[in-house]
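Q: Can you read through this structure? Questions will come right after.
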Amino acid sequence: LFRPPVVRVGFNQFAPYVDNGPNGIPVGFAAEIFAEAARKAKIEIRWVEIRGSADDAFAQDKADMYPLMTITPEREARFHMSPPWWENQFALISTEGRAIADAAGANGKLIATRIGIIKSLSRKLFPGARFVDMLTLPEMEAALCDDRIDGFFSDARLLQAQLLQRTAGCAGQALHAS
């Protein structure tokens, strides 16, 4: 009797889209949409939490699929990419008093990013900037308002969620988005 293989679906924490849930099963909008699509297609999946980028997980044969990936020419050359089911925007955030209006304004500035595709994208968009990796948006926002960085580059939807919470040191401080 033929049994189709279990598809390994890689994930890492990218709240609110994908977040760690109970028993190694992620929760969040993208995880739930993906799991429902697999269920309807009668595809058995096994969630695999990965550290680092999806690109690394594929290269190391740790995952077969990934629910959220930014489509880039480099990725299209290496992987099969389905048509996008989700689109997103990015923003460079700085304080209003030290606004970075464009790529030229980022020259020499210290910009924080998360690891993964957003890190490589930020380096392409702001080639004259200096970069530092940070893990979370609260960490980036606090570093911005404490003047430890000049800006941070983020997924716009994650930024919206962060702005609803605001870190204590940034309360009342105006931010600028480019």
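Q: So, in the stretch 5-32, how many residues would count as being polar (S, T, N, Q) and within 14 Å of the chain's Cα centre (by Cα)? Working first, answer last.
A: Residues of the stretch 5-32 that are polar (S, T, N, Q), as a first pass: 12-13, 20, 23.
Then keep just the ones that are within 14 Å of the chain's Cα centre (by Cα); that gives 12-13.
Residues in the stretch 5-32 being polar (S, T, N, Q) and within 14 Å of the chain's Cα centre (by Cα): 2 in total.
Q: Select, from ALA112, ALA129, ALA103, the only residue that is open to solvent by less than 70 Å² (accessible area, probe 1.4 Å) and within 19 Å of the chain's Cα centre (by Cα).
A: Values: ALA129 fails: within 19 Å of the chain's Cα centre (by Cα); ALA103 fails: within 19 Å of the chain's Cα centre (by Cα).
Just one listed residue meets the conditions, ALA112.
Q: What are the pairs, 6+ residues apart or on separate chains, where a residue within the stretch 93-106 that is in contact (Cβ under 8 Å) with a residue 12 or more places away in the chain has its Cβ under 9 Å from a residue that is among the charged types (D, E, K, R) and open to solvent by less than 10 Å² (accessible area, probe 1.4 Å)?
A: Correct list of pairs: ILE93/GLU141.
Q: Something else now. With the checklist (1) open to solvent by 80 Å² or more (accessible area, probe 1.4 Å); (2) under 30 Å from ALA38 (Cα atoms); (3) without any contact (Cβ under 8 Å) to a residue 60 or more places away in the chain in hand, flag the one item ASP147 doesn't pass.
A: (2)
Q: Take ARG3 and tell me if it is under 23 Å from GLU139 (Cβ atoms), among the charged types (D, E, K, R) and part of a loop (DSSP other than H, G, I, E, B). So that I can check it myself, show each step before the final result.
A: Numbers: under 23 Å from GLU139 (Cβ atoms): no; among the charged types (D, E, K, R): yes; part of a loop (DSSP other than H, G, I, E, B): yes.
Against the criterion (under 23 Å from GLU139 (Cβ atoms), among the charged types (D, E, K, R) and part of a loop (DSSP other than H, G, I, E, B)), ARG3 does not qualify.
Q: Only residues that are closer than 16 Å to VAL9 by Cα and either of a type in the set (A, V, I, L, M) or open to solvent by less than 80 Å² (accessible area, probe 1.4 Å) (or both): list them for the stretch 71-92, please. Lay out the reasoning, then the answer.
A: Kept after step one, since they are closer than 16 Å to VAL9 by Cα, are these residues of the stretch 71-92: 79-82.
Matches in the stretch 71-92: PHE79, MET81, SER82.
Q: Oh, and also: Out of all the residues in the stretch 158-169, which are surrounded by 16 or more Cβ atoms within 10 Å (Cβ to Cβ) and either modelled with pLDDT of 80 or more or out of contact with any Asp or Glu (no Cβ under 8 Å at 6 or more places or on another chain) (or both)?
A: LEU158, LEU159
Q: Tell me, which residue of the stretch 8-32 that is within 26 Å of ALA77 (Cα to Cα) and open to solvent by 30 Å² or more (accessible area, probe 1.4 Å) is modelled with the lowest pLDDT?
A: That would be PHE14.
Residues are listed down the side, and each one gets a yes or a no for (1) on the phi > 0 side of the Ramachandran plot; (2) in a helix (DSSP H, G or I); (3) touching a strand residue (DSSP E or B) at 6+ places or on another chain (Cβ under 9 Å):
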{"site": "ASN23", "(1), (2), (3)": "yes, yes, no"}
{"site": "GLU32", "(1), (2), (3)": "no, yes, no"}
{"site": "GLU36", "(1), (2), (3)": "no, yes, no"}
{"site": "ILE43", "(1), (2), (3)": "no, no, yes"}
{"site": "VAL48", "(1), (2), (3)": "no, no, yes"}
{"site": "ARG51", "(1), (2), (3)": "no, no, no"}
{"site": "ASP55", "(1), (2), (3)": "no, yes, no"}
{"site": "PHE58", "(1), (2), (3)": "no, yes, yes"}
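The values are calculated or read from the model by the stated rules, or taken from the named source; none is laboratory data. On a predicted model such as this, the values are computed, not experimentally measured, just so you know. We place every Cβ from the backbone using ideal geometry, glycine too, and count neighbours over all the protein chains shown. Only protein heavy atoms, including side chains, enter the accessible area calculation; ligands, DNA and RNA are left aside. Shrake-Rupley method; radii C 1.70, N 1.55, O 1.52, S 1.80 Å.
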